[in-house]
Amino acid sequence: MGDLSFSIYGESAAVTGCSPEASGSLTIPDSFEDHPVTCIQGEAFAGCEDLTSVTIPDGVESIDFGAFYGCASLTSVTIPDSVTSIGNAAFEDCTSLTSASVPDGTAMGDDVFLGCSSLTP
């Protein structure tokens, strides 16, 4: 599906990778091959340095460890209310990130926003 790769696990799908050439804005689809996308796997977007924004669809429940690690151009991410857990270092070193909205009650791992020097509380 364009710049993204997926895996199917039972009744749902997960984003497993992103092309390092991906740039600009990217919208994750809410389904893949008729399976709802419920997870962004660890390091799926790691090193996608030219992404500026990512739209995560409702239905995604977890963002795993290091999912967006080192996405240096990423300026904003909208995390839907369906997300119940964000893994360790999920957005670490996203140095351009200025906006990240995390739903109340979301379980967050360690160092989720470590090194996000442009992020303001």
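The values are calculated or read from the model by the stated rules, or taken from the named source; none is laboratory data. Remember, it's a predicted structure, so these values are computed and weren't measured experimentally. Cβ placement follows ideal geometry from the backbone for every residue including glycine, while neighbour counts extend to all protein chains displayed.
Points to keep in mind about this one:
- Inter-residue pairs, beta-carbon under 6 Å, first in a strand (DSSP E or B) and in the range 104-121, second at pLDDT 95 or above, 6+ apart: 107/85; 108/86
- If the condition is being modelled with pLDDT of 95 or more and under 18 Å from residue 26 (Cα atoms), then the range 98-114 contributes no residue at all.
- Strands (runs of 3 or more DSSP E) completely within the range 1-95 that count 1 or more residues being closer than 18 Å to residue 117 by Cα: 50-55, 76-78
- The set of residues from the range 1-54 being among the β-branched types (Val, Ile, Thr) and closer than 19 Å to residue 97 by Cα comprises 27, 28, 40, 52, 54.
- Pick from the range 1-24, criterion surrounded by 12 or more Cβ atoms within 10 Å (Cβ to Cβ) and hydrophobic (A, V, I, L, M, F, W, C), ranking: modelled with the lowest pLDDT: 22
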